[in-house]
Amino acid sequence: MLNIRPFRKGFDEEVFVSIFNASFGDYDDIRSMTLEEMKKTEEAPNFNTDGMFIAEWNGETAGMINAYIDKLREEEKGFIQRLGVLPKFRGKGIAKKLVEKALESLKRRGMKLAETWAQTDREGCIHLFESFGFKKVRSTNIMKINLNFIPSNIRENKEITIRKAQLRDDSEIALINWLDNEVFKEHFNYRPKPIEETRYVLLEMPWFNKQAAFLAVLKNEPVGFVAVGIDEGLNTEKNVRYGWILDIGVLKPNRRKGIGTALMLEAMRVLKAQETEDALLYVDDMNPTNAIKLYEKLGFKTMRKNVIYQLPLT
């Protein structure tokens, strides 16, 4: 009755899109995907189909999962992503079989650790992962602030210059790539990001059709950056007016000097000028820079939490 087979690139894109949209449509920060966007996602430098599987029940498409291995990561850790089962097939044990298949795939390809995540309100997902022995290792927040009032004079650095990055300039992409790698090398799940990946995220990723990046400059030297984006598709589908702070970082020697505050305020002003009502961002509870304190100082509130789970593959 149940058949789990590998994803076939060039044939299964429509299947993937249909499962994705039916499985994740009720998430407040995820919107429907188009076939064109799926094909664009396949152009990402870190995309591969090696661990993608489609579940079929009596010949009908029923679900999917991705046992993803990041080939640029040195540690032997794989990721279970995009577990989705169509509503009409839930309650038949398909999700459990998909997780089993994903774990087998990661183990077969030499991984020693599996990682996944679930929203704290997705009790079914949490129960499923914990039934396999997954343990919580940390949590993350999605935070939000209304942009009707943007604070000022909250000890932001006023010595820096903030300028808009020219994203069509290869030297600017290289600079942002360097800053990104320097800023996040102490963070959870860091691995060096190649320039091609930075270029894809800033210019070609299909979700955010309005993106911009800004550089903080102190004494003619770049010391930090912030990137923002607007997903008009999400805003239309969910009837919201969200803008996203996608990335922010300050070089370690320049932290605790109000530079991050200044960059955040600039990002919020830019998003407000684009007629967004709320700014959203993601942050790790155990962020080594304690960034969550900065966001709380600015007035961001936690909207939802996600739990990150890991399982040794022995």
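Among (1) out of contact with any Leu (no Cβ under 9 Å at 6 or more places or on another chain); (2) of a type in the set (D, E, K, R); (3) modelled with pLDDT of 95 or more, where does ASP285 come up short?
Of everything listed in (1) out of contact with any Leu (no Cβ under 9 Å at 6 or more places or on another chain); (2) of a type in the set (D, E, K, R); (3) modelled with pLDDT of 95 or more, ASP285 misses just condition (3).
Looking for something small (Gly, Ala, Ser), assigned to a loop (DSSP other than H, G, I, E, B) and over 22 Å from VAL201 (Cα atoms) - is there at least one such residue anywhere in region 70-88?
No, there is no match, as no residue in region 70-88 is small (Gly, Ala, Ser), assigned to a loop (DSSP other than H, G, I, E, B) and over 22 Å from VAL201 (Cα atoms).
When only residues in region 86-138 that are of a type in the set (S, T, N, Q) and at pLDDT 95 or above count, which is farthest from ILE65 (Cα to Cα)?
SER131
Identify the residue in region 48-69 that is acidic (Asp, Glu) and over 22 Å from the mean Cα position of the chain (by Cα) and, among all such residues, is surrounded by the fewest Cβ atoms within 10 Å (Cβ to Cβ).
If we take residues in region 48-69 being acidic (Asp, Glu) and over 22 Å from the mean Cα position of the chain (by Cα), then GLU60 is surrounded by the fewest Cβ atoms within 10 Å (Cβ to Cβ).
Give me the pairs: first residue in region 258-274 and modelled with pLDDT of 95 or more, second residue part of a helix (DSSP H, G or I), beta-carbon distance under 6 Å, and six or more apart or on different chains, which are they?
GLY260/LEU294; MET264/LEU298
Got a number for residues in region 259-298 being buried (at least 17 other Cβ atoms within 10 Å of the Cβ) and assigned to a loop (DSSP other than H, G, I, E, B)?
Residues that pass the stated criteria total 3.
Looking at (1) under 24 Å from ASN21 (Cβ atoms); (2) in contact (Cβ under 8 Å) with a residue 40 or more places away in the chain, find the lone condition where ASN209 falls short.
Here ASN209 meets the rest and fails (2).
Can you go through ALA22, ALA55, ALA44, ALA67 and tell me which one is of a type outside the set (Val, Ile, Thr) and in a loop (DSSP other than H, G, I, E, B)?
Selected residue: ALA44, the only one of ALA22, ALA55, ALA44, ALA67 that is of a type outside the set (Val, Ile, Thr) and in a loop (DSSP other than H, G, I, E, B).
The values are calculated or read from the model by the stated rules, or taken from the named source; none is laboratory data. Every value quoted in this text rests on a predicted model; they were computed, and no experiment measured them. Neighbour counts are summed over all protein chains in view; Cβ atoms, including those assigned to glycine, are modelled from backbone coordinates with ideal geometry.
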